[in-house]
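Please read the structure below before turning to the comments.
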Amino acid sequence: TARVPAPRCRATVRASAAMPKGTKRTTAAREAAADKKPKMDPHAVAVEVGIQMHTALPESVKSMLVSCIPNGLQAPSDERNDTQQMAVGMLGEAMEEVKAQLEQAVDVEAAKVAEIEAAGAGLDAGVEATESSLASVGEEVKEKTRSLAAAASAARDAAAALENVVASQREVGKEHDEAKSRLQAMEDLLVEHFRPLSDGSGDGAQHYAALAPLLEASGSDASLVSTLPTVCATPPEQRGTFGAVAIEQLGKILEEKIASSRAAVDAGEAAAQERAAAIDAARAQAEEADKPKGSLAEELAAAQQRERDAVDAAAKAKAAVAEHEPGLQAAKAAHAHAAEALENFVSYNIACFEVLRDARRVPLEQPKVSEEQASTGNVAAEAGA
């Protein structure tokens, strides 16, 4: 039986592991060991290793196929019975299935290489695109930041203007309140003191004491001021004409004060409406100026999130570029390894199977070769060597 040279590959390593390892022994010891356990045919070992490489068969089926090697595959092809032929056929199918599995592994690794190469073609463009996107969203963040700052400044200005209007109107309102207080005081003097004084009811001196500040504030005639205390203390029927004139003059002064106070209050009422309208307008402006802040803040937050996403995308794109070459080289190495495993399986394991499958007890008759043909064949063999 011709021997197939074993390649330096994993199949060879597995076959070698299955073969008995030699040690330094004496000739007698080696002969004794040979008598105990005959050496296995390396071709049969290669076939057994190939069967064990099958990834889809149960271990029981593998064991059954391996048991067919000694009495089936290793039997000369010209002496096999039907059962042995069937066993050889099953072994051949199993070896072809292993070959198909190895071919599939090669295709898978080739697809990975193609996928990585296709991905690598767009990695640089991806980096450029992510950096461009990052720059764009960065400008957007700056613009949104400026817009929000401007809106916040406008809102602060409007709020300050509202506060100024309110403060100003508060002072004017205070004057109006004082005018109403003065009017009420004048009316109280009229009801509680002047009329009782004019009618002669109550304590005249007490009424005069309440009305005296009014005379002093009005800048009344000195003779009137000096006369009124006596007149006020005198009953109406005893006051005479001069006294009646003095009381009348006091009433006119009070009515003039009431009229001027009422005019001031009436003017203040109109002004108060104007002040309220001014405050409402300033408040509306402040509220309107404050509205854009919320939406602009949301837009800024969204832009800042897009910026963070763009930063992450740019970092991942750069990392992908950095990782691409080692990944590509690893994929190519895996593909080469798978291809080498397939080549070694075909060139050694299947070749060993074919040697045993085709081995005959009686060699086929060789065609006769002339001396000239033999000479030509030797020259070609030497040239091939």
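Data table
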item	result
Residue list for region 186-232, filter: open to solvent by 70 Å² or more (accessible area, probe 1.4 Å) and at pLDDT 75 or above	VAL191, GLU192, ARG195, ASP199, ASP203, GLN206, PRO213, SER226, THR230
Pair list, Cβ under 9 Å, 6 or more apart: region 155-184 residue under 20 Å from ILE258 (Cα atoms) and among the polar types (S, T, N, Q), other residue modelled with pLDDT of 85 or more and open to solvent by less than 90 Å² (accessible area, probe 1.4 Å)	GLN184/SER261
Residues (under 15 Å from GLY92 (Cβ atoms), hydrophobic (A, V, I, L, M, F, W, C) and buried (at least 19 other Cβ atoms within 10 Å of the Cβ)) located in region 38-62	ALA44, ALA46, VAL47, ILE51, MET53
Residues of region 124-135 satisfying the condition of being farther than 9 Å from ALA317 by Cβ, among the hydroxyl-bearing types (Ser, Thr, Tyr) and under 18 Å from the mean Cα position of the chain (by Cα)	SER133
Close pairs (6 angstrom Cβ cut-off, 6 or more residues apart or separate chains): at negative phi in region 309-320, assigned to a helix (DSSP H, G or I) and polar (S, T, N, Q) anywhere	ALA310/SER133; ALA313/THR130; ALA314/THR130; ALA317/THR130
Tally of residues being open to solvent by less than 60 Å² (accessible area, probe 1.4 Å), polar (S, T, N, Q) and free of Cβ contacts under 8 Å to residues at least 60 places away in the same chain across region 68-88	1
Flag if VAL172 is open to solvent by 30 Å² or more (accessible area, probe 1.4 Å) and touching a Gly at 6+ places or on another chain (Cβ under 9 Å)	yes
Extreme residue, nearest to THR55 (Cα to Cα), among residues of region 89-107 that are within 43 Å of the chain's Cα centre (by Cα) and free of Cβ contacts under 8 Å to residues at least 60 places away in the same chain	GLN101
Flag for ALA46 being touching a residue at least 60 places away in the same chain (Cβ under 8 Å) and either within 60 Å of the chain's Cα centre (by Cα) or more than 25 Å from ALA336 (Cα to Cα) (or both)	yes
One residue from LEU123, LEU91, LEU102, LEU65 being modelled with pLDDT under 95, open to solvent by less than 50 Å² (accessible area, probe 1.4 Å) and of a type in the set (A, V, I, L, M, F, W, C)	LEU123
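The values are calculated or read from the model by the stated rules, or taken from the named source; none is laboratory data. No experiment lies behind these values; they were computed from the predicted model shown. Glycine gets a Cβ as well: all are built from the backbone with ideal geometry, and neighbour counts include every protein chain shown. Side chains are part of the model used for accessible areas, which takes the heavy atoms of the whole protein and leaves out ligands, DNA and RNA. Shrake-Rupley method; radii C 1.70, N 1.55, O 1.52, S 1.80 Å.
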